[in-house]
There are 4 protein chains.
Amino acid sequence: MIIQLDQDITAAQQKALADKLASFQFKATPVSTQFAEYLIGTGKVEFDIRGIGNLEGIKDIHRVSDAYKLVSRKWKVQDTVCEIGEDIKIGTGHFAMMAGPCSIESEEQIAATLTHLKKNGVKIMRGGVYKPRSSPYSFRGLGIDGLKLWHSMAKEAGIAIITEVMMTEQIEAMMDYVDIFQVGARNSQNFNLLDALGEVDKPVLLKRGISGTLDELLQSAEYIFSHGNEKIMLCERGIRTFETAYRNTMDINAIAMLKEKTHLPVIADPSHGIGVRQFVDKIALASIMAGADGVIFEVHSTPEKAFSDGQQTLNFGEADALISKMRKAFRLRQEF
Amino acid sequence: MIIQLDQDITAAQQKALADKLASFQFKATPVSTQFAEYLIGTGKVEFDIRGIGNLEGIKDIHRVSDAYKLVSRKWKVQDTVCEIGEDIKIGTGHFAMMAGPCSIESEEQIAATLTHLKKNGVKIMRGGVYKPRSSPYSFRGLGIDGLKLWHSMAKEAGIAIITEVMMTEQIEAMMDYVDIFQVGARNSQNFNLLDALGEVDKPVLLKRGISGTLDELLQSAEYIFSHGNEKIMLCERGIRTFETAYRNTMDINAIAMLKEKTHLPVIADPSHGIGVRQFVDKIALASIMAGADGVIFEVHSTPEKAFSDGQQTLNFGEADALISKMRKAFRLRQEF
Amino acid sequence: MIIQLDQDITAAQQKALADKLASFQFKATPVSTQFAEYLIGTGKVEFDIRGIGNLEGIKDIHRVSDAYKLVSRKWKVQDTVCEIGEDIKIGTGHFAMMAGPCSIESEEQIAATLTHLKKNGVKIMRGGVYKPRSSPYSFRGLGIDGLKLWHSMAKEAGIAIITEVMMTEQIEAMMDYVDIFQVGARNSQNFNLLDALGEVDKPVLLKRGISGTLDELLQSAEYIFSHGNEKIMLCERGIRTFETAYRNTMDINAIAMLKEKTHLPVIADPSHGIGVRQFVDKIALASIMAGADGVIFEVHSTPEKAFSDGQQTLNFGEADALISKMRKAFRLRQEF
Amino acid sequence: MIIQLDQDITAAQQKALADKLASFQFKATPVSTQFAEYLIGTGKVEFDIRGIGNLEGIKDIHRVSDAYKLVSRKWKVQDTVCEIGEDIKIGTGHFAMMAGPCSIESEEQIAATLTHLKKNGVKIMRGGVYKPRSSPYSFRGLGIDGLKLWHSMAKEAGIAIITEVMMTEQIEAMMDYVDIFQVGARNSQNFNLLDALGEVDKPVLLKRGISGTLDELLQSAEYIFSHGNEKIMLCERGIRTFETAYRNTMDINAIAMLKEKTHLPVIADPSHGIGVRQFVDKIALASIMAGADGVIFEVHSTPEKAFSDGQQTLNFGEADALISKMRKAFRLRQEF
C-alpha cells in the first residue's frame, strides 16, 4: 500500500494515520523523495483502503501487493522521465544514447571520443574509472583523477557523464563530476550501495544482475526510490544462460516486459548483451523495437588497442552507422 | 572437409578419390541432395587440400573443421532460399510470414484463419494436427483427418501449409498434404526423425531445442542436409533460463549469430519466444531487426477459446496490426 | 482423480460410473496396466469424491490435482519395486548397480565387461547399440546385430541388459534381447516413444531431459504408466546450466525430491552427471546419500580407447573400488 | 607465475628480480600475507622460469597460467587448514560444523541455540546481524548491538561466531566480535569488500555467487589472498537454474571439483543449496560424500516462527539427528 501525503500534512494528521495503520498491524515506512512524501504500508490484513484514503492530509492512496511498490505501474501511471540539464530527457517519448569506451584511458582518448559524440549528436558519454574485474591482476581504472580530467573536458564539450560507482565511499568524491551514477551488474543487489544512492540527487542507471530476475531488479530499484531518489533508469545488459556462443544472452523479453511493469525508463546495453562487436548493431536495433528508451554502447577509436573489452567495442565508423540506424528505427517505432 | 563432385564423375575417378582419402585415414560420407553430390571427409590429419582438389571429377573442395559442415557459411557463400511453388521464397532478401492457430480445431476455424491470412497477404498457414503435450491427458490434435481437411481448404485458398511431424511413421501419410514439415523443439535432437526428413523433398523448419546450443541446432540441420535435403530453415523459439516472468526467453542473439554462421534461412517464433500475447508484437519486430528472414506466430479468431496456448495467441485485429508493422520494419532493415 | 476399478467390474457398473463422471463434465481415460485397471478423471469441477467412491465396481479412489497422477505418491503409498527375473529388485530397500561401456564395441569388449561385472556382483550391464550423436558423422552403434551378440553372451553369464531405444520401430526387434529399455535424455519428451513403451511388459529407465523439470519428467513417466506399463525407473543424469567446468551439473536435489514425489525407483547416473572420470566416484556416493535406489555408470577396460565418452568412463580398477565404496555407503544409509 | 620470496631478501636482490621481470614485460604484483611474501608475475611472454628461480632471495617459483594463482593447487600442494583458537581446525582431514539461525533475533534465541550446539559438540555458530534482503521493506537484522550481545554469550559458551559482513565500513566495528567473516552470495564479486577482507587477520568464508562459475569463485578468493589473507574457505550454496522445484540447485559437482582445483577448505551449505527443510539432511550427507570439509546449516528452536527463511531451517531435534548422521558419513569417507 502506497500513501502519498499532502505536502502540508500536520503532525496531528500524521498521528491519526499512524494509529490507523497500527490498528491493522501494518508497518509504515516513510519515504521522502525529490518530488513527494510517501508512506509505504506493509502488512497482511485485508481492509478497505478508503478507510485510510479519507483521512485528512492524504493526497492519494493505492494498494500494491508486489514486493516492489513505488516503481510499479500500479502506483504511478505516468512514465518517469529523467532530466539532465535542460537538454537531456530520458524516458518514454525520447531516445537516449550513451556511448564511450569501457575504460577511461587518457586525455587523447577522451578528446577523440568527445569529438566523435558531438559530431553524432550523442549527449552522454560512458566510461569506467573504477572497473570491477574478475581477476585481481587486471587494470582497475584511473580512479578519481581520471574522472576529474574527464569531467573538465566533457563539461567544456557540453556532454554529460555516466560512470560506474562501486562502493558507498566513492559517492561523495565522485558527486561533483558525474551526471548519472551507474550501478554495475555485480552490484545489482549491493543493498548498502543502493541505500546510499537513494540519498543522492542524481539519476542512477541500475543494471540487472547477471542472473537477476525482473522482480529482483525492480526490488533493487525500490531500494533507491524508497531512500528518496526517484530518478532511476533500469538497464538490460544480458543474462547468463547455458549458451556459450556469446558472452551473455540479451534478454529482449525483459525490455518489453519492464516497460509494462514499471514507469521507469529502460535502457538497453547491446555491447554486453551479446559481447561480440559484429552483432552489437543488430541487438541495439532489436532493443529499440522491443521498447527501449535508450541504448548504451561501447565505442573506441581503436577497439583492438582498448584496455579492456575490445572485442565488444565498435570503432567510430561502426558507431556512426549504428547511430544513424537507431534514429531511424526509433522514428519508425514512434509511428507504430 | 567438403568435396563437391562433378555430376558426371566416373567410377574410376571416385575410386582414385576414395584411395586418396583412405591414405590420410579420412572417413568419407557420401551425401546426395536435391542439388548436388558431396563427399564429407572427417579425420584428424593435416594435409594440403589441393592434393585432392586437383583430382579429376571434383568440382570444388573446402576445409571445414566445425562439427557441422554443409550448413556452414564456410562451405557455401550464397544464402539458401527455400522456394514453395512459384510464389513463396524464404531466405535472405525476402520476408516470410507463417501464421495460424496452435492446433487445427475445426472447419470453421480453418476457414476463418484462411480468410484472415489472405486478406493480409500471408501465404503460409501454421497449425498443429499432432501436438506434443507434456501431459498424457491433454488434447493431442485432430491427426491425419484434420490435416486432409485443412489441406483441401488451404489449397483452394492458395495458402501453403506448415505443420509439425513428430515421428518417422507419420511422414509418408502426411507427405501429400504438407508444404513445410516442422520439427518441434522437443524433437530437435530426434536424430532418427532428422534422418528420415533428410530423404524427403520438402522444406523442413527445424526448431531449436529448449536448451539447445546453436552448435547443436546446426548439427541437427547437418543431419537433414547430409541425408539429401538441402531445404532447411532454422527457427529460434526461445530458450529455458532461470527467468520465470515469461514462458521462454527469446534468444535474440541467436538470430543475429545464426545468420552469420549458416547460409540457411532463420525464422523467429515470438509467440513461443515470450509466451505472453501482449508482447508478441514487440518481440516479432525485434527479431526482424536482428536479421530474421521470417516470423511464425499464433493467431486465432478467439484466443481465449483456443484449444491450447491461448495465452500467447493474437486475435485477428492484433495480427492485422502486427503484419503491417512487420512489413514496415522489414523495409527499414532492407534500407540499412 | 484416479479411480481404481475392481477386476470384475461389470459393464453396467462401468456405464453408471461413466454417466456419473460425464455429469461433472469430467473426461475419463481408461488405463489398464500389468497390475490393475484404472480410470483417470480430468476436469475442473469440485465435488465430493465419495459420491463416486461409493459406486459398485470401484476398489479405491483418490483425488490428485497434479499434472501427473498415477506416478504420484498422492496415489500410491507403497514404493514400486521393479523386478527382473528372480534375482534383481530395483526400488526402495534394494541397491541396484548397472555398469558397462558407453557403446557396445566388440565380442572381446563384451566378454571383458561381463567378467568384470560378475566378479563384482553387478547384475545389470549397460551399453549402447543405438547411439544418439549430435553430429551425423559420429559412430552410431552396432545396431541390432550387436545387441543379439551381447544378449547371447550376457544370458550365459546371467547378467541382465539395459540399453537405449531411440524410436518406436526399434522396440519390436529389440524386445527379446533387452531386460530394461532405456529412454535417453534427448527422448525424454518423445511422447510417441513413451506411448509405445507403455504397451511393453518390460521395465523402462526414463532419463530426465537435459533441461527437463521434475514435473516434466514425472509427466513423461505418466505417459508410460497410462499406457499400461507400471515398471518405470527415473534417472537423474545431470542438467544443463551456465557452468562449463563440467559437461553437466548433477542435480542432487532432484534425487532427494523425486523420492518424495513419486513411488517409482530413482537411479543416479554420475558418469553423465559430471562427465569427468576423476569425480564420478564422489558423485556416485553423494547420490546414494541423497536417496538414490541405484547407480548406472560407465566402465571400460581401456577408457582412453573407448569409441565414445571415454573421458567419463572408469577403468576396471576404478570401478572395483567404487563398487565397494557404494555398498558401504548404501549400508550406512540403511542404518539412518 | 608465483615467486615466493625469502623472508630476508635484500633490496638489491629485489631490484635484480624486478629488472629481470621487466625485461620480459611482466607486471609484478607484490603479495604479503600472514605467512609469506610473494610476487605474482603476469605477462604473456614464454621463457624459462629457471632463469628467475636461480636468482638470489627467491625461495620457490612456479608457473601458473590460470586467472587464479595463489589459491590454485598448481601453486600449493598441501591443503590449507584454517585454525580458530586452539580447538577448531577447518580443512582436509577435519570435519567442521557451523549451525544457527538465519537471523540473530534475541537473547533467548541465542541462549537456546548455544545450548543446543554445545550439547552436540558443534563449535561454530552462524547467524546474521546484517541481512541482505531483496525487498527494502524486510527485516534487515539487529546490527552491531546484536552482534555484541551474541559475542559475549558465545564467548562464555566457548563457541566461535561466523556472520556476514556486507560492506567494508562494517569490518572495523565487527572485528573484535567475529571469528569468521562470511561473504554472502550477492557479494561474491564485490571486489572492494574482498580487497578489504584481504587485509584482515581473520578467516573468511566466501560464498559462491548465485550464478558464479567456479573460476569466478576462485578469482574472488584470489582477491582476498593477494591482499594478504590466506585464511579462506569456499562455500557452495546452490546455484540458479531453470528448475523451480527448489529455491536453488545444489551443485554437488562443484564440491568435488573445487577440492581438486584449490588447496582451500570447501564448505557445503545445504540449507540454501535446496531451500526445503525436509531435504536438508540428504543434501548435507551427499555433500560430505562429495568431499566437503564442513557443513553450514540453519537451525532454530521454532523454525516456523523464525524471522526469515524458516522454510529451510531445521528444528533442534532434526539437527540432533543430522549431526549424528554427518559424523558417521564423515567417518566412512575417511575410511575410503
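Some observations on this one:
- Mean shadow area of the range A:189-336 over all directions, Cα convex hull, nm²: 9.5
- Label geometry 7 Å along the beta-carbon vector: B:Thr92 inter-copy distances in nm: 4.0, 5.6, 6.1
- Inter-copy spacing of A:Asn54 label points, which lie 7 Å from Cα along Cα→Cβ, given in nm from shortest upward: 5.0, 9.6, 10.0
- Its relative contact order, with pairs defined as Cα atoms under 8 Å and 6+ residues apart, puts the range D:1-121 at 24 percent.
- The local environment of A:Glu172, defined by Cβ-Cβ distances under 15 Å, has a net charge of -4 under the rule Lys, Arg +1 and Asp, Glu -1.
- Close amide H partners of A:Glu105, meaning residues 5 or more places away or on another chain with modelled amide H under 5 Å apart, are A:Ile110.
- Across the alpha-carbon set of the range D:251-292, the Rg to Rh ratio works out to 0.99, Rh being the Kirkwood radius.
- Under 13 Å of direct C-alpha separation, and excluding same-chain neighbours fewer than eight residues apart, C:Lys305 reaches these aspartates and glutamates: C:Glu105.
- Under Karplus coefficients 6.51, -1.76 and 1.60, residue-wise ³J(HN,Hα) of the range D:64-69 in Hz, glycine/proline x: 9, 9, 5, 5, 10, 10
- Share antiparallel - DSSP beta bridges, the protein assembly as shown, percent rounded to 5: 40
- Paramagnetic reach from D:Lys305 (point 7 Å along Cα→Cβ, amide N under 20 Å) across the range D:97-113: D:100-113
- Label separation (B:Phe47 vs C:Ala12): 8.4 nm, computed from points 7 Å beyond Cα along the C-beta direction.
- Degrees between helix A:107-120 axis and first principal axis of chain A (Cα, 0 to 90, nearest 10): 70
- Among the chymotrypsin sites (Phe, Trp or Tyr not before Pro) within the range A:187-272, not one is in coil by DSSP while having at most 10 neighbouring Cβ atoms inside 10 Å.
- Per-copy distances of the B:Lys15 label point, shortest first, in nm (7 angstrom along Cα→Cβ): 7.8, 8.1, 11.1
- Rounded to two decimals, the Cα-based Rg/Rh of the range D:2-62, with Kirkwood Rh, is 0.93.
- Neighbouring partner chain Cβ atoms per residue of D:162-169, average, 10 Å criterion: 3
- Summed residue charge, Cβ within 10 Å of B:Phe242's Cβ, Lys/Arg positive, Asp/Glu negative: +1
- Computed over the protein assembly as shown, the Cα gyration tensor eigenvalues convert (square root of 5λ each) into semi-axes of 47, 40, 38 Å, ordered from largest to smallest.
- Euclidean distance between Cα centres, the range C:71-123 to the range D:172-202, Å: 49
- Placing +1 on each Lys and Arg Cβ and -1 on each Asp and Glu Cβ, with no other charges, gives the range B:82-335 a dipole about its Cα centre of roughly 760 debye.
- A compact globular protein would have a Cα radius of gyration near 2.2 N^0.38 Å; the ratio found for the range A:151-239 is 1.06.
- With a Förster radius of 41 Å applied to the C-beta separation of A:Glu86 and A:Arg133, the computed FRET efficiency comes to 0.65.
- Loop-located GluC sites (Glu not before Pro) across the range B:182-237 with a Cβ neighbour count of 16 or fewer within 10 Å are B:Glu199, with loop assigned by DSSP.
- Closest approach to the D/A rotation axis among chain D Cβ atoms, residue and whole-Å value: D:Ser211, 2
- The value for chain D of Rg(Cα) / (2.2 N^0.38 Å) is 1.05.
- C-alpha long axis of helix D:11-23 to longest principal axis of chain D, angle in °: 90
- Computed over chain B with a Gaussian network model linking Cα atoms closer than 10 Å, the most mobile of B:Gln13, B:Gln170, B:Gln219 is B:Gln13.
- Kirkwood hydrodynamic radius over Cα pairs of the range B:250-336, then Stokes diffusion coefficient at 20 °C and 1.002 mPa s, in µm²/s: 162
- Acute angle (nearest 10 degrees) that the helix A:316-335 long axis makes with the longest principal axis of chain A, alpha-carbon atoms: 40
- Mean sequence separation of contacting Cα pairs (under 8 Å, at least six apart), scaled by the length of chain B, corresponds to a relative contact order of 16 percent.
- Charge dipole magnitude, Cβ of K and R +1, D and E -1 - the protein assembly as shown, Cα centre, debye nearest 20: 0
- Derived scalar couplings between HN and Hα for the range D:128-134 equal x, 10, 10, 10, x, 10, 4 Hz in order, rounded to whole Hz, by the Karplus curve 6.51 cos²θ - 1.76 cosθ + 1.60 (θ = phi - 60°), x for Gly and Pro.
- Based on the Stokes-Einstein relation at 37 °C and a viscosity of 0.692 mPa s, and on the Kirkwood radius from alpha carbon pairs, the range C:199-244 is assigned a translational diffusion coefficient of 289 µm²/s.
- Sites D:Glu172 and B:Glu107 - FRET efficiency at Förster radius 60 Å, r taken between beta-carbons, to 0.05: 0.15
- Computed from phi, the 3J(HN,Hα) profile of the range D:157-170 under the Karplus parametrisation 6.51, -1.76, 1.60 (θ = phi - 60°) reads 7, x, 10, 7, 10, 10, 8, 7, 10, 9, 8, 4, 4, 7 Hz, with x in place of Gly and Pro.
- Around B:Gly121: net Lys/Arg minus Asp/Glu count, Cβ-Cβ under 12 Å: +2
- Of the GluC sites (Glu not before Pro) found in the range A:36-73, those in coil by DSSP whose Cβ has at most 11 other Cβ atoms within 10 Å are A:Glu46, A:Glu56.
- About its Cα centre, the range A:1-114 has a charge dipole of approximately 860 debye under the convention of +1 per Lys or Arg Cβ and -1 per Asp or Glu Cβ, with nothing else charged.
- Length-normalised contact order for the range C:2-62 - Cα pairs under 8 Å, 6+ apart - percent: 50
The numbers here are math on the coordinates, done by the rules we state, and not lab data. Because the structure is predicted, anything quoted here is derived from the model rather than measured. Neighbour counts are summed over all protein chains in view; Cβ atoms, including those assigned to glycine, are modelled from backbone coordinates with ideal geometry.
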